[in-house]
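A short worksheet on the structure shown next.
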Amino acid sequence: GFRASAPAGDVVVSVDGHDRVGTIPVVAGRQTELLLTQTADGAWYALAEAPVTDTAPAPQETGPKGPLRGIVRAESGAPLKGARVLVRGREEEAVTDANGAFSLDLPYGTWEVSVVARGFAAQIVRDLAVDGSEREAVALSLVPAGLALEDFIVKAPRITGSSASLLEERKTASAVADVVGAEQMRKAGDPDAAQALRRATGITVVGGRYVYVRGLGDRYAATTLNGSTLPSPEPEKRVVPLDLFPTSVLEGVVILKTPSPDQIGEFGGGIVQIRTRGVPSQRVIAVAGSIGARTGTTFRQAQVGPRGPTDFLGVDGGFRAVPALVAEGAADQPLKPRGIFSDAGYTPEELEAFGESFANRWDPTTQRISPDGSLQFTVGNRWKLPGNDQRIGALLSLNWSNSWDADDAFRRVFSTSDSGLQLKRDTTFQSAQNRVTLGGMAVVGANLGKEHEIVSTTLLNRISTYDALVFDADDPTGSNDTRGVRFAWAEQQLVFQQLRGHHGFLDGAPLTLDWRYAFSQATRLDPDRREGTYVSTENGYAISQRGTWNEMAWGKLKDVNHDAQADVAYSVLRKAARPGTIKAGGMVVQRTRTSNLRRFSYELRGVEGLDLYGSIGGLLT
């Protein structure tokens, strides 16, 4: 320690012949305390406390002692480790731990404490009472050195979906969580949520659609959208395919891997929490498009079936609908011949009319595959209403994409024998797949004061896939060779409407209410799925006379979900070193799921005089 006198004014401080290390203010009749620090490289730093009076009453020096506890944080809220806590007139001092906490034992009385930390302006706190009673820890905040300015307000929009905001959320989360933000998705160029989750730890994306958490199956993962549960358009799965959600409408995806009382419990691996974009803070207009080619696919000649005029939009539009004659006249019973002793069934003439009403779409045609393409359009804004902190905003986003893929593949099946492996079946495939996505999202939100917000989110996403397959299966051990074609069109659609709100009450809003209601509907349409087969004979390949091998099918699924939830939270010990929250709430979910499937086939048994060696389309005229 040292003591020196200097005239009033700004005094330049130099140490050991070094250049100026700091300038401190000196006030007449007052004392300024100076802390000099030398770093490992020999540099000096000077931290000066504000001038204080020398006539402060000294607390009692003897008698019982009590604890003085506190926590030191940076202005950002992060705890400061290694900060020195000094007591005026005493030799006791403390150094903060990794949590920024400190503790001192001092005689009863009122004390003045100084806090100094490298890189931060020193702070003096007066009139800290020590009387042996249990008190809350004193919260101290230091500002960076050189930035101790007078109070001013900076208004800036919060960047939702940024890597920094989501990493901070992950850091402070009480459950084990992984996060993927919109910023990361945009940089990686991920088209949908399923592709974005490939970069999450412990997550496996199977088939480009379904998420496996920690190696568990897809049914062990639950999916929510803005906190609400979702129905599934899959006929044999309860999970939601994540490729239904384009990244252009997402703020981020959070994967919770441990249970939490305020989350649904029907999962074994984790909860995939999908969050959509909210109302923008300012006007947004964005248009994006792309065109691309795939090696081995684009401009290639492929075998496909008849296509509808609106297939490029991903909408069948009734092109593959069940014929009206069949839908209206045969809705209650199968299309089978009338029995001898019963009126159930139909006459041969009626059956012939039914069969002729189906479109003749059995034979493949050659088509040149076009390039891939996509379009995205986003517009939004926020407007200020009369009154304090009254705002309303809206966001509209539309997206469309069309992509193709073509493959040549083979599959060989072997059996074991005494002589070793023997080829049992050799099948080659030529396939073409077309995938079209079409969707949009509309968000409308209103801020009714600082602590009241209501948001409406409407989402419509569709995925339509068309598959054309031509196969040739050889049987080296016999004459069971087959050939065939298979055409399938599938439409998956998710409609989601949610209304949610956040409200804060009491002084400083320690009491909050969060509520939401969502209606969602998932549908799947599989119209006119066809499969035709030819079998080898002595005279060549003939149309198979097994009815199930020449089949048409129409499938339909509808899954409706109602989800309502309300949570009340109250903040306790807000000024303590370790604040907490008491939270209670409830959730109600109602689900209704229906599906049906109709199959039709032509039986060719007992038909003499027909040429079965041509095409199926040529026979079924």
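The alpha carbon gyration tensor of region 247-372 gives principal lengths a ≥ b ≥ c with a/c of 1.5 or higher and a/b no greater than b/c, which makes the shape oblate. Taking 421, 499 and ordering them by how much accessible surface each has at a 1.4 Å probe, largest first, produces 421, 499. Cross-link pairs exceeding 25 Å between alpha carbons, from the set 187/384; 237/583; 187/558; 558/583; 257/583; 237/558: 187/384; 237/583; 187/558; 558/583.
Amide H contacts under 5 Å for residue 227: 274, restricted to partners 5 or more places along the chain or on a different chain, H placed in the peptide plane at 1.01 Å from N. Note on residue 285/residue 417: beta-carbon distance plugged into 1/(1 + (r/R0)^6) with R0 of 56 Å gives a FRET efficiency of 0.20. Computed over the chain, relative contact order equals 9 percent, with contacts defined as Cα pairs under 8 Å that lie 6+ residues apart. Take the chain with all the other protein chains still there, run a 1.4 Å probe, and you get 56 Å² of accessible area per residue.
The loop-placed trypsin sites (Lys or Arg not before Pro) in region 318-417, going by DSSP, that have at most 14 neighbouring Cβ atoms within 10 Å of their Cβ come out as 338.
For region 213-369, averaging the sequence separation of C-alpha pairs within contact (under 8 Å, six or more residues apart) and dividing by the residue count gives a relative contact order of 22 percent. The loop-placed trypsin sites (Lys or Arg not before Pro) in region 527-609, going by DSSP, that have at most 12 neighbouring Cβ atoms within 10 Å of their Cβ come out as 574, 575, 605.
In the chain, helical runs assigned H by DSSP with n ≥ 4 each contribute -39500 (n - 2.57); averaged across all residues and rounded to the nearest 500, the mean residue ellipticity at 222 nm is -1500 deg cm²/dmol.
Largest to smallest in accessible area, the residues 414, 487 fall in the order 414, 487 (1.4 Å probe, all protein chains included). Along the charge dipole of the chain, pointing to its positive end and built from +1/-1 on Cβ of Lys, Arg, Asp and Glu, which listed residue (564, 284, 103) has its Cα farthest out? Of 564, 284, 103, it is 103.
If the chain linking residue 198 and residue 573 were pulled fully straight, counting 0.36 nm for each residue of separation and taking away their Cα-Cα distance, it would gain 131.0 nm. Distance from the C-alpha centroid of region 256-319 to that of region 431-489: 8 Å, rounded to the whole angstrom. Taking a ≥ b ≥ c as the square roots of the eigenvalues of the alpha carbon gyration tensor, the chain is prolate, as a/c is not under 1.5 and a/b beats b/c. In the chain, the longest principal axis of the Cα atoms and the axis of helix 348-357 are about 50 degrees apart.
Between 0 and 90 degrees, the angle of helix 163-172 with respect to the longest Cα principal axis of the chain falls at about 70 degrees. For region 447-543, the list of GluC sites (Glu not before Pro) that fall in a loop by DSSP and count at most 14 other C-beta atoms within 10 angstrom reads 538.
Atom-type composition of the exposed protein surface of region 351-452 places 54 percent of the accessible area on carbon and sulfur (1.4 angstrom probe). For residue 356 and residue 389, what is the calculated FRET efficiency with R₀ set at 45 Å and r taken between the beta-carbons, to the nearest 0.05? Computed FRET efficiency for residue 356 and residue 389: 0.05.
The values are calculated or read from the model by the stated rules, or taken from the named source; none is laboratory data. The model shown is predicted, which means the values in this text are computed figures rather than measured ones. Every residue, glycine as well, gets a Cβ built from its backbone with ideal geometry; the counts of neighbours run over all protein chains shown. In case anyone asks, the SASA skips ligands and DNA or RNA and just uses the protein heavy atoms, side chains included. Shrake-Rupley method; radii C 1.70, N 1.55, O 1.52, S 1.80 Å.
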